[in-house]
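Visitor: Structure provided below as structure tokens; questions to follow.
No lab work stands behind these numbers, since they all come straight from the coordinates. In this text the structure is predicted, and so the values were computed from the model without any measurement. Glycine also receives a Cβ, built like all others from the backbone with ideal geometry; neighbour counts cover every protein chain displayed.
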Amino acid sequence: MIYTNIFLVGTGKDLQSFISDNKMTCCIRVSPDELVSQKAVLLETFLQSPNPLGICLDLRNVQAIEETGQNKVVQTLALFTFCVSYLRIRERAVVCFLKNKESNSRVVEWLSKLVIDCLKTQGHEEATIYQVCENRQDIQDSGIPCLLLNISETVMQAEHFEFSKDGNEGPFFFSVNSFSEAGALYEYLMRAERKFAVENSSFYEKMIEVKQLRTERDQLYSENIRLAFEKENNEISLGLLRKDAQFQVDWFKNENEVIKQWYHKEYESLPMWYKRIGHLLKRIWKTNKELKS
């Protein structure tokens with residue numbers, strides 16, 4: 001599929017097949033309570049998934065979350081981001097918040113801040129937060145261009161050609177409530193893409209080139225992050241080696257000075273007759289050496 005910016009939003013059960021075969025990128029929809037209570041099950045899903053998988057926190061009709069509950073939600077989200085399969089865009093963990101008019105905007109904004117701060121503390125790059133809305137009015141209110149689309153032939157037809165011809169990068173989120181809906185969405189998008197390729201062949205070829213360039217861009221970005229991290233580690237290691245080498249040099253210098261001081265101190269304390277005998281023995285040894293040569 002040409003579109004890499006389409007995300008399926010549903011429960012883990014509804015998305016099971018798509019999680020395993022990588023046909024489309026999936027985000028598991030869970031409420032804050034389900035995220036904490038089903039942590040073990042969700043974690044197992046992430047660990048077993050061979051493909052990128054995200055979390056969409058369902059905050060529809062949520063008016064308030066206790067402080068302890070907020071901390072548990074954020075800590076659980078942070079735990080999932082350590083999984084290799086967790087969804088990332090340009091090395092940034094993706095977290096989606098599903099909201100509607102009944103959602104408390106302060107709760108959403110505060111959770112976004114907590115997630116970003118928590119991931120930074122854990123050493124992650126800044127997270128990418130998507131506030132996914134059910135209708136366009138909420139999008140205008142939130143200022144985030146993420147719309148949750150229903151699987152309706154009419155809606156899909158309009159939205160598909162909207163993001164095809166306008167070149168909009170999205171992302172686009174589709175809500176699925178059953179396995180059959182997910183399959184129907186995939187099949188429809190494939191048919192729509194084939195139709196679009198026939199009717200707009202030159203533009204479709206350009207879209208393929210753009211997709212390849214974006215893939216290469218993301219790979220180069222990831223490689224740049226890796227090399228920067230490696231460079232920083234090498235600089236730290238080199239600094240430690242230099243400190244260790246300097247410490248050894250300073251230690252040997254100090255030890256040499258200690259030995260010299262000890263020698264002079266001990267030598268000066270010897271009686272005169274002992275020193276004279278020593279000088280005599282040196283002279284005899286030197287004479288014998290000269291005679292042998």
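Visitor: Near residue 275, which lysines are there with a Cα under 16 Å away, not counting those fewer than 8 places off in the same chain?
Guide: 265
Visitor: What are the residues whose amide H is under 5 Å from the amide H of residue 31, where those residues sit 5 or more places off or on another chain and H is modelled from the backbone?
Guide: Those qualifying (amide H under 5 Å, at least 5 residues apart or on another chain) are 58.
Visitor: A further question on this structure: Would you mind getting me the FRET efficiency between residue 180 and residue 226? Use the beta-carbon distance for r and R0 = 51 Å, nearest 0.05.
Guide: 0.80
Visitor: Which of the lysines could a cross-linker bridge to residue 206, judged by Cα under 29 Å and excluding same-chain residues fewer than eight apart?
Guide: In chain and number order, the partners are 23, 165, 195.
Visitor: Right, next: Starting from the 7 Å offset along Cα-to-Cβ, what nm value, one decimal, do you get for the label separation of residue 244 and residue 48?
Guide: 4.4 nm
Visitor: How much FRET efficiency would the formula 1/(1 + (r/R0)^6) give for residue 68 and residue 105, where r is the Cβ-Cβ distance and R0 is 25 Å, rounded to 0.05? It would help to have the intermediate numbers written out before the result.
Guide: Values: r = 21 Å, r/R0 = 0.86.
The computed FRET efficiency comes out at 0.70.
Visitor: Please work out the C-alpha center-to-center distance from segment 173-240 to segment 32-52 and express it in whole Å.
Guide: 23 Å
Visitor: Testing the spin-label approximation: label points 7 Å from Cα along Cα→Cβ at residue 126 and residue 83. State their distance in nm.
Guide: Result for the modelled spin labels: 2.6 nm.
Visitor: Pop a pseudo-label 7 angstrom from the Cα along the beta-carbon direction at both residue 90 and residue 61 and give the gap in nm to one decimal.
Guide: Result for the modelled spin labels: 3.7 nm.
Visitor: Which residues' amide hydrogens lie under 5 Å from the amide hydrogen of residue 130, considering only partners 5 or more residues apart or on another chain, with H built in the peptide plane?
Guide: 95, 96, 97
Visitor: From the cross-link list 39/99; 99/211; 39/120; 253/286; 120/231; 260/292, which pairs have alpha carbons spaced over 28 Å apart?
Guide: Details: 39/99 22 Å; 99/211 30 Å; 39/120 22 Å; 253/286 31 Å; 120/231 20 Å; 260/292 33 Å.
Result: 99/211; 253/286; 260/292 exceed 28 Å.
Visitor: Sticking with this structure for a sec: What order do you get for 97-106, 181-190 when each peptide is scored by the mean count of other beta carbon atoms within 10 Å, highest first? Please list the in-between numbers first.
Guide: Numbers: 97-106: 18.0, 181-190: 16.4.
Going by the mean number of other Cβ atoms within 10 Å, highest first, we get 97-106, 181-190.
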